[in-house]
Amino acid sequence: MYAIETDQISKTYASGLVALKDVTIQVKQGEVFCLLGQNGAGKSTLINILSTFFKATTGTVKLFGTPLTDQTIMALRSQVGTVSQQISVDTHLSLKENMLFQAALYDIPKEKAGQQLTELIDRFNLTDYLNYPVVSFSGGIKRRLDIALALMSSPKVLFLDEPTVGMDVQSRQAMWQMIQQIKSELMTTIFLTTHYLEEAEQLSDTICIMKDGRIITQDSQSNLKGYVSDQLIEFTFPTPTRAINSFEHFKQHFGKKVTLNARTIRLSKPERDLDYYLNWLLQEAIEVSGINRVSSTLEDVFLRLITEEGAEGDENQGHFKTDH
Ligand SMILES: Nc1ncnc2c1ncn2[C@@H]1O[C@H](COP(=O)(O)OP(=O)(O)OP(=O)(O)O)[C@@H](O)[C@H]1O
Ligand SMILES: [Mg+2]
């Protein structure tokens, strides 16, 4: 049984805007499922539907095997925790007050709420933040408090919509640790969206890429990287300026297969061996400080899939499998 399963859900907003088209996904129990996509791809819309707050226009959603209907919605909602893109913790109250309020909303008996509060505070080292108004803490801490709050009702699945947006490196790492703990210690299924590919790489088991309301692909992280593995050659230049100056030359010769990034130029799908490219550099009198075969990062895969889909028009499911 999957934690979440959807069959061809679509969403048309009252304005007529079609935000989701035939979205079919499966999220396994206990995994971190990461949804990637550019601004406006439909990620938050999908989260709002899966977390029971918006209704899909067509299609079906199952949570832990139970179809989401008017009859099941309240029972299913109690199994779901949601941390939306905006901070939802009441900043004028302390964390403790927020957590007890949340417990009351979910009808959790007082004694149980007290235990749950102590356990969460200990587990995530939040003691320092317990008794002061949340407004006095930094954005990064507020976000972690928001998540602790969502865990008060012991949800079976936790939705995190861009949990680390705008955070500094340290806060982001603290958040990653918290997410890993939620997965491994509380066994909660986590559905995450992010624009940081490094974050998806660090945390997720399954990655799903969306574009313009459609799923382009859903697969395990290792399979995804395999789509373009060993298909890159990286030319490193002594300075970024030298890389920029040579880029036009590369483009003329290799076309769209080259990308520029700081001091490096990358060539995807190379058709010859390294010697060929070394000779070409010599012939063209282009000086590099290194040339290597590199394995692809999630960023390479993401950019390629997003660009390829764009180039091929409004194709439905892309050419990679979307089910397992
Ligand atoms: N309540 C609404 N009414 C009408 N259109 C909406 C509404 N909410 C979102 N949209 C539109 O639906 C599309 C998908 O938006 P959504 O917020 O789901 O994208 P997203 O992938 O979460 O983007 P971001 O990365 O910017 O958060 C966008 O074109 C957006 O403008
Ligand atoms: Mg969003």
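The values are calculated or read from the model by the stated rules, or taken from the named source; none is laboratory data. The model shown is predicted, which means the values in this text are computed figures rather than measured ones. Quick reminder, even Gly has a Cβ in these numbers, built from the backbone with ideal geometry, and neighbours come from all protein chains shown.
A few remarks follow.
- Restricting the search to helices (runs of 4 or more DSSP H) fully inside the range 20-130 and requiring at least 1 residues that are acidic (Asp, Glu) and without any contact (Cβ under 8 Å) to a residue 40 or more places away in the chain gives 95-105, 110-123.
- Odd one out for residue 77, checked against (1) surrounded by 14 or more Cβ atoms within 10 Å (Cβ to Cβ); (2) farther than 26 Å from residue 165 by Cβ; (3) away from ligand 1 (no atom under 13 Å from the Cβ): (2)
- Among the candidates 35, 46, 50, 63, residue that is within 16 Å of ligand 2 (Cβ to nearest atom), over 14 Å from the mean Cα position of the chain (by Cα) and crowded, with 21+ Cβ neighbours inside 10 Å: 50
- So residue 232, is it modelled with pLDDT under 95, of a type in the set (A, V, I, L, M, F, W, C) and buried (at least 16 other Cβ atoms within 10 Å of the Cβ): yes
- Residue match in the range 140-155 (condition: among the acidic types (Asp, Glu) and either in a loop (DSSP other than H, G, I, E, B) or more than 22 Å from the chain's Cα centre (by Cα) (or both)): no
- The one condition in (1) surrounded by 20 or more Cβ atoms within 10 Å (Cβ to Cβ); (2) within 16 Å of ligand 1 (Cβ to nearest atom) that residue 147 fails to fulfil: (2)
Okay, residues lined up against (1) among the β-branched types (Val, Ile, Thr); (2) within 9 Å of ligand 1 (Cβ to nearest atom); (3) in the same structural domain as residue 155 (by TED's automatic domain parsing):
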site	(1), (2), (3)
17	no, yes, yes
32	yes, no, yes
35	no, yes, yes
39	no, yes, yes
50	no, no, yes
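- Among the residues making up the range 170-195, those that are crowded, with 18+ Cβ neighbours inside 10 Å and within 16 Å of ligand 1 (Cβ to nearest atom) are 191, 192, 193, 194.
- Matching residues in the range 250-290 - criterion: being surrounded by 15 or more Cβ atoms within 10 Å (Cβ to Cβ) and in a strand (DSSP E or B): 258, 259, 260, 264, 265, 266, 267, 268
- Selection from the range 206-257 of residues that are basic (Lys, Arg) and outside the structural domain of residue 29 (by TED's automatic domain parsing): 225, 242, 251, 256, 257
- So residue 206, is it in contact with an Asp or Glu (Cβ under 7 Å, 6 or more places away or on another chain) and either more than 16 Å from ligand 2 (Cβ to nearest atom) or aromatic (Phe, Trp, Tyr) (or both): yes
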